[in-house]
Amino acid sequence: MINPTTYTQDLVRFDTTNPPGRERECVEFAARTLESGGFRVDRQVFQNDRMNIVATFDGSDPDLLPLVLTGHLDTVPLGQAPWSHDPFGAEISDGKLYGRGASDMKAGVAAMISAGLAFASRQGGRPRRGLQIILTSGEETGCAGACHLVEHGHSLLTQASGLIVGEPTANAVSIAHKGALFMSAKLKGVTAHSSQPELGDNAIYKAAKAVSRVEAYGFNRKPHPLLGAPTINVGMIKGGMNVNSVPDRAEFTIDIRTNASAPHADFFDDIRNDLGDEVELDTFTDMPAISTAPDDPLTLLALKACQSVLGASANGAATGLPFFTDASALQPKLKCPTLILGPGEPPTMHQTDEYCVVERIEQATEIYRRIVEEWCA
């Protein structure tokens, strides 16, 4: 058994800022904790200083698929603004635990590990259904660890009966989050001296027209009840060699946030058809949206656990989230209902003086413990 608040402090004191990452020492610390509690831990090392782990506590019935709890241990950079608390000091002040990653999402990881150890040490014999805790690196820069695990960890991942991601939700149950489809759009032209532009073909002009089409683009997609309609944005544009040449190349990015209304291949085909053959499109991030039914047994169990622990402050209904998580990589492999539920404070994510309310860490541990006990035992 561990104290989840103290363990959160232990995790925050590891500098796992990404980039560059260097999560391996922190993940290994968590791996040893889980091993000491009776879990079998498989380690996957990648990029030298990075590590994923799959910690398994087997159930007595091999025909029952495990429940999976997951979180990441990398954090975003500190930013330029000065912190009033040491970002790696894990100080507690006025009931708040401060530090980079306190909310996103080392508190969630600590609560999951604490609940997992409590479950493994329970009285009454081995549970019928197994429990897995998956911890990843590299989530903040495109779910690199989870994607590596899915692509190269075939022996480590099986189908699951349910997946819970401990990202910050202030202990509210979320059953959906948007996906992300990032594309580069490239256009070619013909260079010429700018004093005779008629001899060239201006790629920037072509790009400008294509960007205008993106701005006017309308999704023919049904809004999701929790995620709303898809969105589209041009975030970067570049082109040209110098001021006095007709540019023969231009490029911009397209960011589509999807809402589980269609496969990403459909979104890609739609925008490609709208922009025409002159625009060369390439995908560089493809993280699908996640959506679980409000009446799924895992959803109902999580809502019940939150109500029991939080009382009147619990959300009575599940919510949706605008950002994507490691579930985008893991859920298609695990093929199971998926929830996002964690103690972190969403408004403090990636902010200076990030913190997590200590009471929420204790509450999340008990919520996870109840879900795991009822789902697995």
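The values are calculated or read from the model by the stated rules, or taken from the named source; none is laboratory data. Please read all numbers here as calculations on a predicted model, not as lab measurements. In this analysis, Cβ positions are derived from the backbone assuming ideal geometry, glycine residues included, and neighbour counts consider all displayed protein chains. When the accessible area is computed, the model is the full protein with side chains, heavy atoms only, and any ligands, DNA or RNA have been set aside. Shrake-Rupley method; radii C 1.70, N 1.55, O 1.52, S 1.80 Å.
Could you work out the relative contact order of the chain, using alpha carbon pairs under 8 angstrom and six or more residues apart, expressed as a whole percent?
So the answer I get is 25 percent.
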Item checked: Unit Cα scatterers, Debye sum, region 76-153: log10 I(q)/I(0) for q = 0.11, 0.14, 0.22, 0.27 Å⁻¹ -> -0.47, -0.70, -1.07, -1.24
Item checked: Mean ellipticity per residue at 222 nm, deg cm²/dmol - from DSSP H runs of n ≥ 4 across the chain, formula -39500 (n - 2.57) -> -9000 deg cm²/dmol
Next item on the list: Calculate the tail of P(r) for the chain: the fraction of all Cα-Cα distances greater than 35 Å, expressed in %.
Entry: 31 percent
Margin query: Could you check the spin-label model distance between SER155 and THR141? Points 7 Å from the Cα along Cα→Cβ, value in nm.
Written below: 2.8 nm
Next item on the list: Report the extension gain between GLU198 and VAL45 in nm, rounded to one decimal, defined as 0.36 nm multiplied by the number of residues separating them, less their alpha carbon distance.
Entry: 49.5 nm
Notebook entry, point to check: Stretch GLU91-GLU359 to full length: gain in nm at 0.36 nm per residue minus the Cα-Cα span?
Noted result: 95.0 nm
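Hey, got the dipole for region 234-377? About the Cα centre, +1 on K and R Cβ, -1 on D and E Cβ, debye to the nearest 20?
Dipole about the Cα centre, nearest 20: 480 debye.
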Next item on the list: Highest first, please rank the peptides 25-36, 237-248 by the mean number of other Cβ atoms sitting within 10 Å of their residues.
Entry: 25-36, 237-248
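If region 1-160 were replaced by its equivalent ellipsoid, with semi-axes equal to the square roots of 5 times the Cα gyration tensor eigenvalues, what would those be, largest first, whole Å? Could you put the intermediate results ahead of the total?
Working: eigenvalues 157, 78, 24 Å².
Each semi-axis is √(5λ); the values are 28, 20, 11 Å.
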Margin query: Could you compute the net charge surrounding SER60? Neighbours are other residues with a C-beta less than 14 Å from the C-beta of SER60; K and R count +1, D and E count -1.
Written below: +1
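Step through the table entries LYS186/LYS335; LYS186/LYS333; LYS178/LYS335, compare each Cα-Cα distance with 26 Å, and write down the pairs that go over it.
Over 26 Å Cα-Cα: LYS186/LYS335; LYS186/LYS333.
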Check: Mind listing P(r) for region 132-202? All alpha-carbon pairs, 10 Å bins, whole percents.
Finding: 13, 29, 22, 10, 12, 12, 3
Notebook entry, point to check: Tally Lys/Arg at +1 and Asp/Glu at -1 over every other residue whose Cβ is under 13 Å from the Cβ of ASP270; what's the total?
Noted result: 0
Item checked: Gaussian network model of the chain, springs between alpha carbon atoms under 10 Å - residue of GLY101, GLY218, GLY89 with greatest fluctuation -> GLY218
Checklist line | region 1-78: Rg to Rh, with Rh as the Kirkwood radius over Cα pairs | finding: 1.01
Next item on the list: Calculate, for PHE29 and SER184, the FRET efficiency according to 1/(1 + (r/R0)^6) with r their C-beta to C-beta distance and R0 35 Å; round to the nearest 0.05.
Entry: 0.35
Item checked: Peptides 317-326, 340-349 ordered by average Cβ neighbours within 10 Å, highest first -> 340-349, 317-326
Next item on the list: Over region 171-306, calculate the relative contact order: mean separation of alpha carbon pairs under 8 Å at least 6 apart, over the residue count, as a percent.
Entry: 40 percent
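Solvent-accessible area per residue for region 169-214 at a 1.4 Å probe radius, Å²? List each step's numbers first, then the result.
On the way: 1950 Å² over 46 residues.
That works out to 42 Å² for each residue.
Kindly report the accessible area of region 60-128 per residue (heavy atoms of protein chains, probe 1.4 Å, no ligands, DNA or RNA), in Å².
Using a 1.4 Å probe on heavy atoms only, each residue of region 60-128 averages 38 Å².
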Check: Just going by the charge dipole of the chain, with Lys and Arg at +1 and Asp and Glu at -1 on Cβ, which of ASN48, PHE182, GLN307 is farthest out on the positive end?
Finding: GLN307
Next item on the list: Please compute the net charge surrounding GLY228, taking Lys and Arg as +1 and Asp and Glu as -1 over other residues with Cβ under 11 Å from its Cβ.
Entry: +4
Next item on the list: Step through the residues of region 303-313 one at a time and calculate ³J(HN,Hα) from phi using the Karplus curve (6.51 cos²θ - 1.76 cosθ + 1.60, θ = phi - 60°), rounding each to whole Hz and writing x for Gly and Pro.
Entry: 4, 5, 5, 5, 4, 5, 7, 8, x, 5, 7
Next item on the list: Starting at the first residue of region 26-31, write each ³J(HN,Hα) from the Karplus equation 6.51 cos²θ - 1.76 cosθ + 1.60 with θ = phi - 60°, in whole Hz, x for Gly and Pro.
Entry: 5, 5, 5, 4, 5, 4
Checklist line | the chain: most fluctuating residue of PRO20, PRO288, PRO66 per GNM, C-alpha cutoff 10 Å | finding: PRO20
